[in-house]
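Report on the following structure.
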Amino acid sequence: MHPHAGAAARLKVDIARKSFRASSGDALDVLRDLHFEVGENEFACILGPSGCGKTTTLRILLGLDTDYEGSFQLPGLGNGRRIGAVFQEPLLLPWRTVEQNVRQALPHGLRDRNLDSLFGSLGLKEMRNFYPGELSLGLARRAAIARAIAIDPDILLLDEPFVSLDEPTAQQLRHLLLAVWSERPTTALMVTHNLREAIMLSDRIIVLSERPAHVIGTFDIKLPRQYRSDQVKLDLLRSFNRKFPDRI
């Protein structure tokens, strides 16, 4: 199936079924009756067990997997829609500098735009002429975030962008992501299996079941992020666990 045409302010997902063919020849359902929405400029996290279909969902939204039953609607308008994506690996072109990697993602008419503010927000000002092979994994992840944000996306899709980082580095990048997203708000959907991360970043957590994945509930976080102290985040975590006692 294909995404709906036309302009939209929100993300709407209606996936009836997504399956893979097992080696035995049997169909293995990964997603079934997966329905959710993400509002305009809302930051939502998909939380679910490993292997439940979170990344598969993002691949469908990115157009990388078209073999499914259902439909979805992305923010933005048709062929002019701008989708920013951050994956588990930075996927930077090794023969291009950080700045060249970021500019490569821009539409031709914007290739010369000033990126000083974005690089400054992500702590990349001194790294813009470095090649990916000269960067730590944490810095490479910053460059990948810069590439996704630079295009002023209608929607930002993130697939566990902080996975495999040590916790201090991951936490630093979470703060940087929130800073640049707050400066340039857009509809965002991030896949994670880290509840604490979801509580820190999101306005709403979309909780998925085991495979075949469907939404078992949502957890809204109304409190602005600047008021989410460590104690508040701990209280939110406890509230989540009371609502979804079998999830953690």
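Every number here is computed from the coordinates shown, using simple stated rules; none is lab data. Remember, predicted model here, so these are calculated numbers, not experimental data. Counting neighbours? That spans all protein chains shown, and the Cβs are built from the backbone with ideal geometry, glycine included.
Quick notes on this structure:
- Hydrodynamic radius (Kirkwood) for segment 6-55, which is based on Cα pairs only, to one decimal in Å: 13.0 Å
- Pairs from the list Lys54/Lys125; Lys54/Lys243; Lys54/Lys222; Lys12/Lys125; Lys54/Lys233 with a Cα-Cα gap above 28 Å: Lys54/Lys125; Lys12/Lys125.
- log10 of Debye I(q)/I(0), alpha-carbon scatterers only, for the chain at 0.08, 0.10 Å⁻¹: -0.31, -0.50
- Fewest-first ordering of Met200, Met127 by other beta carbons within 10 Å of each residue's beta carbon gives Met200, Met127.
- Estimated translational D of segment 188-231 in µm²/s (Stokes, Kirkwood radius over Cα pairs; 4 °C; 1.567 mPa s): 112 µm²/s
- DSSP bridge orientation in the chain - percent antiparallel, rounded to nearest 5: 50 percent
- Relative to the 2.2 N^0.38 Å rule of thumb, segment 92-151 has a C-alpha radius of gyration ratio of 0.99.
- Based on alpha-carbon atoms, the Kirkwood radius and the radius of gyration of segment 1-126 give Rg/Rh equal to 1.03.
- Value at 222 nm in deg cm²/dmol, rounded to 500, when DSSP H runs of n ≥ 4 in the chain each add -39,500 (n - 2.57): -9000 deg cm²/dmol
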